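All remarks here apply to the structure that follows.
Where a number appears in this text, it was derived from the coordinates with a stated rule and is not lab data. Predicted, not measured: the structure shown is a model, and the values here were computed from it. Because the Cβ atoms are built from the backbone with ideal geometry, glycine has one as well, and the counts that use them run over all protein chains shown.
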Amino acid sequence: MNQKISNSIERLNSEFTKRYGNEPEFIASAPGRVNLIGEHTDYNDGFVFPVAIDKYIHIAVQRRSDRKVQLHAVDMREECTFSLDHIDKDDTPQWAKYIKGVAHYLQELVLHDTRHVMNGLSAVITGDVPISAGLSSSAALEVASSYAFLAASGLAISNTINRNFGKIELIEIPLMKLAALCQRAENEFAGVNCGIMDQSISLLGKADHALFLDCRALDYKQVPLNLTNLQIVICNTNVKRELAASEYNKRRAECENGVQILKKWLPNITSLRDVTLDEFKKYEVELPEITQKRCRYVVEENTRVLNAVDALSKSDIETFGMLMNASHAGLRDLYEVSCDELNMLTEIAQNINGVLGSRMTGAGFGGCTVNLVRTEVVDELRTNVMREYTKQTGIKPDIYVCNVGDGARINWISQS
Ligand code: GLA
């Protein structure tokens, strides 16, 4: 267990004890993510290349013998209580909708696949994944909840097992199936039409590896990063993503519209993933201007991900960085999901000799940039971003030099 997790666990233990009078039995922890390249490609059946970061949502849990779920969100200072016999979305704070959605679909799946009936739980939730910053705090909450409910019901999937803990039964749920379940919870209960990238990396993250995920086949490969003398640095605009939900859904619709039109010439395609750059160039004139821009970006970005993974395998990090910069240009000019603050951060970074690549990450309209930086210029990046960005916007940015960590885990506290 790393130092950061163990500090959070100590804090969470004492919160839990204050509230419920005894220690939690276990803590379910799931990381946020930063996507290195492959943005807005997941819902187009394309390729993504994210990493899990060392920022987590933690849920401290004690099992209950009844079907009640009692939740206390420390950072929100809010509570939510419900029964597993009746899960609805009404009168529910947004954060709790993610958890209710997971509980709903998980108990269907667990009952169907294992004939187990899920138990209730009492829980305290906290975390250090910034909210609405494009680092997937919601996916981390969903994934941590899924582990919490499974463990509270005496079930675990193979990587959560702790040999010293007796009464747990191992069940076989492929992690990609669990990712799809968490995605569905977000789509149906929180009303966010997201793709599958964020939940997948929160479950499948591996220290010092990025996840190359084919969002159609749901096949993946954990690719070693080998970042000698390099750091992944995240810069947070601290601009909340106001437009993200409505514009996100609009982009999805524009891509689907593009596919419908292109089908006239390419009848076998079902998504933009199926269109090659050459085919696209041949037929793009048939598309309305905006649709054309959106589709061009997606077709190009899919190719960039493949090229980036290939470059990394050859330790050609300069090419990897150039592809990150090109990805940002596409998101800014064609997909139009960037904003002034994100553009400013990437420009400041790209002007530094030794920053290999800089791009917005996540849905856009605010949130964070991800930067691939030579270790010796991390301080220069920090200083320039602090000075220039604050001068131009009046907003103080946050900067995280991040370690690439593992996916979700259960940490057992007591044996009771
Ligand atoms: C959000 C969604 C993801 C993905 C990204 C954009 O993070 O949750 O599914 O679509 O935006 O790449």
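For the stretch 198-291, what are Rg and Dmax over the alpha carbons, in angstrom?
Rg, Dmax (Cα atoms, Å): 18.0, 50.
What aspartates and glutamates could a cross-link reach from K89, if we take a straight Cα to Cα line under 18 Å and drop same-chain neighbours fewer than 8 places away?
The qualifying aspartates and glutamates are E78, E79, E108, E142, E186, E188.
Compare G394, G330, G364 in a GNM of the chain, Cα atoms joined below 10 Å, and give the one with the largest fluctuation.
With Cα springs under 10 Å in the chain, the top fluctuation among G394, G330, G364 is at G394.
What does the charge count near W265 come to, summing +1 for each Lys or Arg and -1 for each Asp or Glu among other residues with Cβ under 14 Å from its Cβ?
-1
Would you report the distance distribution of C-alpha pairs in the chain as whole percents per 20 angstrom bin, up to the bin with the largest distance?
Taking every Cα pair in the chain, the percentages come to 27, 55, 17, 0.
Tilt of helix 340-350 relative to the longest C-alpha principal axis of the chain, in degrees (0 to 90, nearest 10)?
The answer is roughly 70 degrees.
Using +1 at the C-beta of Lys and Arg and -1 at the C-beta of Asp and Glu, which of L227, H116, S146 has the Cα lying farthest in the positive direction of the dipole of the chain?
Toward the positive end, the furthest listed residue is H116.
What lysines sit close enough to K281 to cross-link, taking a C-alpha to C-alpha distance under 21 Å and skipping anything fewer than 8 places away on the same chain?
K263, K264, K293
Given the peptides 290-296, 225-231, 88-94, 115-121, arrange them by the average over their residues of other C-beta atoms within 10 Å, most packed first.
290-296, 115-121, 225-231, 88-94
Can you pull out the GluC sites (Glu not before Pro) in the stretch 212-277 whose DSSP state is coil and whose Cβ has at most 12 other Cβ atoms within 10 Å?
E242
Using all alpha carbons of the stretch 1-136, what is the percent of pairwise distances in each 10 Å bin, ordered from the shortest bin to the longest?
Answer for the stretch 1-136: a P(r) of 11, 34, 34, 19, 2 percent.
Which cross-chain or sequence-distant (5 or more) residues have an amide H under 5 Å from the amide H of L230, H modelled 1.01 Å from N in plane?
T375
Compute the normalised compactness of the stretch 267-346: alpha-carbon radius of gyration over 2.2 N^0.38 Å, N being the residue count.
Taking the Cα Rg and dividing by 2.2 N^0.38 Å, one obtains 1.21.
How tilted is helix 94-114 with respect to the longest principal axis of the chain? Cα atoms for both, answer in degrees (0 to 90, nearest 10).
70 degrees
Explain nothing, just the number: relative contact order of the stretch 112-243, from Cα pairs under 8 Å at least 6 residues apart, as a whole percent.
21 percent
With the Cα gyration tensor of the stretch 334-416 in hand, give its eigenvalues times 5 under a square root as the equivalent ellipsoid semi-axes, listed largest first in whole angstrom.
After scaling each eigenvalue by five and taking roots: 30, 17, 14 Å.
Working from Cα positions, state the angle (0 to 90°, nearest 10) between the long axis of helix 244-262 and the longest principal axis of the chain.
It works out to around 60 degrees.
Quick one: putting +1 on the C-beta of Lys and Arg, -1 on the C-beta of Asp and Glu, what dipole do you get for the stretch 11-80 around its Cα centre, in Debye to the nearest 20?
400 debye
Residues with beta-carbon under 12 Å from that of L381, excluding L381: net charge, scoring Lys, Arg +1 and Asp, Glu -1?
-1
Cross-link partners among aspartates and glutamates for K396, C-alpha distance below 20 Å, same-chain residues fewer than 8 apart left out?
Qualifying aspartates and glutamates at Cα under 20 Å: D128, E242, D340, E341, E347, D379, E380, E388.
Have a look at the DSSP beta bridges in the chain and tell me what percent are antiparallel, nearest 5.
Among the beta bridges of the chain, antiparallel pairing accounts for roughly 90 percent.
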